[in-house]
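Trainee: If you scroll down you'll find the structure; I have some questions about it.
The values are calculated or read from the model by the stated rules, or taken from the named source; none is laboratory data. In this text the structure is predicted, and so the values were computed from the model without any measurement. Cβ placement follows ideal geometry from the backbone for every residue including glycine, while neighbour counts extend to all protein chains displayed.
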Amino acid sequence: MPRPHRPLRPAPWVSVEDPAARSVAPHLRAGEVRGVTIEFIIAHPVVGLLALIGAAAIIYRLARATLRLGLSTLESASAGGLVEISIRHGDLTGMAERQEQARIARRARLRAILFALLWLALLVVPVVAGISRPVFAAAALLWLLPRKPIRLATANPTRTRVPRESD
């Protein structure tokens, strides 16, 4: 014989008058609470701590992107100057190589601008939209992602063999 349905007691951390508790499960009768609400999870101190860690991760990524932007801007300017020097000296081969380096530096600068804008938007938009706590808590996972080292874009990491005089 099935047991008669008896209403659950409200959880001690949720008041019966809490509209959020009723909105999560509209099929429940007044005073019944089943499970934990989203608002309770977001208001938990652990989520607050994760949100602080996530905000720090976003700020760290923004600082790295800004530093990379500054380096790529300097690199692009110096590569452009080297192209002009090669043109003045009539060095066509050097000019072509330096134009390629300038193109790579400009592409790296554009990528750095886009990443800086991405991290800035990820820092500002959730605050303006009022959803900063869950977004920043999820951003705490950024600490687990690998970080690309900050290097010059035109630096060639491969070594070339220099022929000896005996060869």
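Trainee: Return the residues of region 64-73 that are free of Cβ contacts under 8 Å to residues at least 60 places away in the same chain and either small (Gly, Ala, Ser) or under 14 Å from VAL127 (Cα atoms) (or both); say none if nothing qualifies. Lay out the reasoning, then the answer.
Mentor: Going through region 64-73, the residues free of Cβ contacts under 8 Å to residues at least 60 places away in the same chain turn out to be 65-66, 69-70, 73.
Residues satisfying the conditions are ALA65, GLY70.
Trainee: Sticking with this one: Residue pairs, Cβ under 9 Å, 6 or more apart or interchain, first in region 78-91 and without any contact (Cβ under 8 Å) to a residue 40 or more places away in the chain, second outside any helix (DSSP H, G or I) and among the charged types (D, E, K, R). List them.
Mentor: Pairs found: ILE85/ASP91.
Trainee: For region 50-63, check the following and say yes or no: at least one residue is surrounded by 18 or more Cβ atoms within 10 Å (Cβ to Cβ), in contact (Cβ under 8 Å) with a residue 60 or more places away in the chain and of a type in the set (Val, Ile, Thr).
Mentor: Yes, region 50-63 contains at least one residue that is surrounded by 18 or more Cβ atoms within 10 Å (Cβ to Cβ), in contact (Cβ under 8 Å) with a residue 60 or more places away in the chain and of a type in the set (Val, Ile, Thr).
Trainee: Might you let me know whether region 120-133 holds any residue that is more than 30 Å from VAL47 (Cβ to Cβ), free of Cβ contacts under 8 Å to residues at least 12 places away in the same chain and of a type in the set (A, V, I, L, M)? Full working, then the answer.
Mentor: Looking only at region 120-133, we keep the residues that are more than 30 Å from VAL47 (Cβ to Cβ), and these are none.
Taking every residue of region 120-133 in turn, none turns out to be more than 30 Å from VAL47 (Cβ to Cβ), free of Cβ contacts under 8 Å to residues at least 12 places away in the same chain and of a type in the set (A, V, I, L, M).
Trainee: Right, here's the next one. Report yes if some residue within region 96-114 is within 25 Å of SER132 (Cα to Cα), hydrophobic (A, V, I, L, M, F, W, C), surrounded by 13 or more Cβ atoms within 10 Å (Cβ to Cβ) and under 29 Å from the mean Cα position of the chain (by Cα); otherwise report no. Even if it seems obvious, please write down each step before you answer.
Mentor: Going through region 96-114, the residues within 25 Å of SER132 (Cα to Cα) turn out to be 112-114.
Within this subset, residues satisfying the condition of being hydrophobic (A, V, I, L, M, F, W, C) are 112-114.
Then drop every residue that is not surrounded by 13 or more Cβ atoms within 10 Å (Cβ to Cβ), which leaves 112-113.
From what's left, under 29 Å from the mean Cα position of the chain (by Cα): 112-113.
Yes.
Trainee: Please verify whether ARG88 is assigned to a helix (DSSP H, G or I), touching a Gly at 6+ places or on another chain (Cβ under 8 Å) and of a type in the set (Lys, Arg), treating the condition exactly as stated.
Mentor: Working: assigned to a helix (DSSP H, G or I): yes; touching a Gly at 6+ places or on another chain (Cβ under 8 Å): no; of a type in the set (Lys, Arg): yes.
No, not satisfied.
Trainee: Just name the residue that is nearest to ALA121 (Cα to Cα) out of those in region 74-89 that are surrounded by 14 or more Cβ atoms within 10 Å (Cβ to Cβ) and small (Gly, Ala, Ser). Can you show your working first?
Mentor: Applying the first criterion (surrounded by 14 or more Cβ atoms within 10 Å (Cβ to Cβ)) to region 74-89 yields 75-76, 78-80, 82-83, 86-87.
From what's left, small (Gly, Ala, Ser): 76, 78-80, 86.
Values: SER76: 25, SER78: 30, ALA79: 30, GLY80: 31, SER86: 40 Å.
Within region 74-89, the match that is nearest to ALA121 (Cα to Cα) is SER76.
Trainee: Restricting to region 138-162, and then to whatever is at pLDDT below 70 and of a type in the set (A, V, I, L, M), can you tell me which residue is surrounded by the most Cβ atoms within 10 Å (Cβ to Cβ)?
Mentor: ALA153
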